[in-house]
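Data first, discussion second: the structure below is written as structure tokens.
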Amino acid sequence: VFGAVAPGWELGVGVTDAPSSAHHVSFVNSINTMRGGTHVDHVSDQIARGVVTAMKKDSSMPSVSVAAVKSHLIIFLNCLVANPTFDSQT
């Protein structure tokens, strides 16, 4: 699924069968943020919490944790952030 979720924020989300550390491709103000950052954590946490909440409403679904859901997500994020801070210049 891919779309514009807010002005200056484009988000793509996919699911993988094999759990691993969360995969992402992210850009802030057209700069590739290979190591992710707070913007990736913010989005992935919201998505994972929403999935867990939806699964709790259906009694036929297994109980899962937010971390388990996040390990199956693949995220593409392109966003515009006013005055971003980076941990390095690369």
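Throughout, read-outs are computed from the coordinates displayed, never taken from laboratory work. Keep in mind that what you see is a predicted model, and the values were worked out from it rather than measured. Every residue, glycine among them, receives a Cβ derived from its backbone with ideal geometry; neighbour counts consider all protein chains shown.
Distance between the pseudo-spin-label points of Phe86 and Asn32 (7 Å out from Cα toward the beta carbon): 1.2 nm.
The value of relative contact order for the chain, using C-alpha pairs under 8 Å at least six residues apart, is 44 percent.
Rounded to the nearest angstrom and listed largest first, the equivalent-ellipsoid semi-axes of the chain from its Cα gyration tensor are 27, 14, 11. Helix 38-57 and the longest principal axis of the Cα set of the chain meet at an angle near 10°. Please report the antiparallel percentage of DSSP beta bridges with both residues in the chain, rounded to the nearest 5. Close to 70 percent.
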